[in-house]
1. Counting only protein heavy atoms and rolling a 1.4 Å probe, how much accessible area do A and B lose on contact, total for both sides, in Å² to 100?
2. Compute accessible area for the stretch A:12-58 by itself and then with all protein chains, 1.4 Å probe, and report residues whose area falls by 50 Å² or more.
3. Over 15 Å apart: what share of the alpha carbon pairs of the stretch A:8-54 falls there, rounded to a whole percent?
4. What are the lysines whose alpha-carbon lies under 16 Å from the alpha-carbon of residue A:42, with same-chain residues fewer than 8 places away excluded?
5. Taking every Cα atom in the protein assembly as shown, find the radius of gyration and the maximum pairwise distance Dmax, and write them in Å.
6. Round to a whole number: what % of the accessible area of the protein assembly as shown belongs to carbon and sulfur, probe 1.4 Å?
7. With the solvent-accessible surface defined on protein heavy atoms using a 1.4 Å probe, which residues belonging to the stretch A:83-103 display a reduction of at least 30 Å² in accessible area in the multichain context relative to the isolated chain?
8. Chain B: percent of C-alpha pairs farther apart than 26 Å?
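The values are calculated or read from the model by the stated rules, or taken from the named source; none is laboratory data. None of the values given here were measured: they were computed from a predicted structure. Quick reminder, even Gly has a Cβ in these numbers, built from the backbone with ideal geometry, and neighbours come from all protein chains shown. Ligands, DNA and RNA are excluded from the accessible area calculation, which covers all protein heavy atoms including side chains. Shrake-Rupley method; radii C 1.70, N 1.55, O 1.52, S 1.80 Å.
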Amino acid sequence: QQQVKQSPQSLIVQKGGIPIINCAYENTAFDYFPWYQQFPGKGPALLIAIRPDVSEKKEGRFTISFNKSAKQFSLHIMDSQPGDSATYFCAASITSGTYKYIFGTGTRLKVLA
Amino acid sequence: GAVVSQHPSRVICKSGTSVKIECRSLDFQATTMFWYRQFPKQSLMLMATSNEGSKATYEQGVEKDKFLINHASLTLSTLTVTSAHPEDSSFYICSAREMGADTQYFGPGTRLTVL
C-alpha cells in the first residue's frame, strides 16, 4: 500500500514531442506529490509538485495532471528538448507524518534532436 | 534558494576504513534531513530520517551501527560509513526539509567507492 508505481520505465520522443509519465498510488493518506528530474551523477532536482485538491498544475513546460478518484498523477513535458533527457521520479508523501517520500521507480527519458 | 550541498562529491577508500559525508543546507534551516542510497539505474532508497537534536530513525534493513547519522545543527547532518566494504560502494544523497515545508531539497550526491 506504500508503493508508488511509475510507468513507463523508459521513453524516447522526438524533439518537440510531449512525453507523458504516469504514477499510481494506493494509500489515500498521501497528500503531496512532487516530481524530480535527475541527470547522471547528480542529485534529484524538484520540477513541480501538486496536492490532491488541485487537478492540474503548470510550471513552464511542465504540467502535472492529478486524478484523485483514480489515485493517479502524471507529468507532461511540453515542447520537449534534448536537454530534457534525464531520469524522472515521481514521489508521494504524507505531510502530517514523517514527511518521508515514497519514490516511483523512475523513467529514463531520451529526447532525440 | 533552497540549496543543499554535500562534501565530498567523490571518495575512494580502502576496505575497513570509515568515511564521513557531510550534508549542509546553505540558505535555510533544515529541521529534517534524509539520507538516501542509489544504485545505478535504480530509484532512491531511503536509509534514515534525522531531526535536529534527535537520534536518527533508520529504515528497516539499514544497519544503524554501520551507517552513523548525526544531525547536530539545523544546517548540518553527517553520515559516517563505518568499516566500509566494497558492497557499500554506492551513490549517497541527502535531502533537507525546512520546518513547515513539504518539499525535500536534494544535495548533489556523494559517490563512494570502496576498494
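1. 1600 Å²
2. A:44
3. 63 percent
4. Once the sequence-local lysines are set aside, what remains near residue A:42 is B:41.
5. Rg, Dmax (Cα atoms, Å): 17.7, 52.
6. Working: 5630 of 11170 Å².
C and S fraction of accessible area: 50 percent.
7. Going by heavy-atom accessible area, the residues of the stretch A:83-103 that drop by at least 30 Å² are A:89, A:99, A:100, A:101, A:103.
8. 12 percent
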